[in-house]
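J.: Sharing a structure below in structure tokens format, with a few things to ask.
The values are calculated or read from the model by the stated rules, or taken from the named source; none is laboratory data. Given the structure is predicted, the values throughout are model-derived calculations rather than measurements. Counting neighbours? That spans all protein chains shown, and the Cβs are built from the backbone with ideal geometry, glycine included.
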């Protein structure tokens, strides 16, 4: 039931949801009603960049939260940060909570990955007219795309491989959604740049 979900899950869902909504044309009315006329007047690509940054921030928080859950499970054998059984089954099992071949827990891996993506996205947001933006867009597209096989693997673990499958880790799911949404936004921004639909004349944010 909704009232049984962890409060942090609501926070993450709202953040990532806002990031996905901001680039939509329908969001102009919502932003206008919130007295955000400056953002309403931004070109579409600039609003996509803002949405991308918000989504990545949500993914960063989700990854950090899974790391917190893992720390609690290691220390006390239980976690107050997530009450869902899937968190205990997946995050608490080193077979599924470590990156294959690297031996790094997924929370730390996701935290580092979203930090890199956030640096790229934030740089593009504040400096959209720089000559390096196309290279950084392609880099962000490739780097975020590398997260898709990881998401596919973790979903496979949840649905098929884990003990008692299917088991769902809701905070892992938030990180998965942020990964896919980041890739989609980088893809749309890259296509917009290649098509010449990039605000070359816009002044950098101050």
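This table checks each residue for (1) more than 21 Å from residue 172 (Cβ to Cβ); (2) modelled with pLDDT of 85 or more; (3) out of contact with any strand residue (DSSP E or B) (no Cβ under 8 Å at 6 or more places or on another chain).
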position: 1; (1), (2), (3): no, no, yes
position: 12; (1), (2), (3): no, yes, yes
position: 36; (1), (2), (3): yes, no, yes
position: 40; (1), (2), (3): yes, no, yes
position: 68; (1), (2), (3): no, yes, yes
position: 78; (1), (2), (3): no, no, yes
position: 96; (1), (2), (3): no, no, yes
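J.: Considering only residues of segment 149-203 that are modelled with pLDDT of 90 or more and closer than 15 Å to residue 134 by Cβ, which is farthest from the chain's Cα centre (by Cα)?
T.: 191
J.: I've got another one for you. Give the residue that is surrounded by the most Cβ atoms within 10 Å (Cβ to Cβ), with candidates limited to residues of segment 74-112 that are in contact (Cβ under 8 Å) with a residue 60 or more places away in the chain and farther than 13 Å from residue 163 by Cα. Write out each step before concluding.
T.: Pass one, segment 74-112, residues in contact (Cβ under 8 Å) with a residue 60 or more places away in the chain: 81-87, 89-91, 93, 96, 106, 110.
Retained after the next criterion (residues that are farther than 13 Å from residue 163 by Cα): 81-84, 106, 110.
Details: 81: 18, 82: 25, 83: 14, 84: 21, 106: 24, 110: 27.
Restricting to residues being in contact (Cβ under 8 Å) with a residue 60 or more places away in the chain and farther than 13 Å from residue 163 by Cα, the top hit is 110.
Yes or no, residue by residue, for (1) modelled with pLDDT of 80 or more; (2) surrounded by 19 or more Cβ atoms within 10 Å (Cβ to Cβ); (3) within 17 Å of residue 121 (Cα to Cα); (4) touching a strand residue (DSSP E or B) at 6+ places or on another chain (Cβ under 6 Å):
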| residue | (1), (2), (3), (4) |
| --- | --- |
| 17 | yes, no, no, no |
| 23 | yes, yes, yes, no |
| 26 | yes, no, no, no |
| 29 | yes, no, no, no |
| 44 | yes, no, yes, no |
| 47 | yes, yes, yes, no |
| 51 | yes, yes, yes, no |
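J.: Hey, does segment 63-72 have a residue that's touching a helix residue (DSSP H, G or I) at 6+ places or on another chain (Cβ under 9 Å), surrounded by fewer than 22 Cβ atoms within 10 Å (Cβ to Cβ) and in contact (Cβ under 8 Å) with a residue 60 or more places away in the chain?
T.: no
J.: Checking the conditions here, which among 74, 102 is outside any helix (DSSP H, G or I) and at pLDDT below 90?
T.: None of the other options fit; the residue is 102.
J.: If a residue has to be farther than 21 Å from residue 181 by Cβ and either touching a helix residue (DSSP H, G or I) at 6+ places or on another chain (Cβ under 8 Å) or part of a helix (DSSP H, G or I) (or both) to count, how many in segment 25-61 make the cut?
T.: Count: 6.
J.: Oh, and also: Restricting to segment 121-133, name every residue that is part of a helix (DSSP H, G or I) and surrounded by fewer than 22 Cβ atoms within 10 Å (Cβ to Cβ).
T.: Residues satisfying the conditions are 122, 123, 125, 126, 133.
J.: Here's something else I'd like to know. Out of all the residues in segment 80-94, which are in contact with a strand residue (DSSP E or B) (Cβ under 9 Å, 6 or more places away or on another chain) and assigned to a helix (DSSP H, G or I)?
T.: 91
J.: Next question. Checking the structure you have, find out if any residue of segment 165-183 is more than 19 Å from residue 55 (Cα to Cα) and surrounded by fewer than 17 Cβ atoms within 10 Å (Cβ to Cβ).
T.: yes
J.: Right, residue 121: touching a helix residue (DSSP H, G or I) at 6+ places or on another chain (Cβ under 7 Å) and modelled with pLDDT of 95 or more or not?
T.: Answer is yes for this residue.
J.: Conditions: (1) free of Cβ contacts under 8 Å to residues at least 40 places away in the same chain; (2) buried (at least 18 other Cβ atoms within 10 Å of the Cβ). Residue 157 meets all but one. Number of the miss?
T.: (1)
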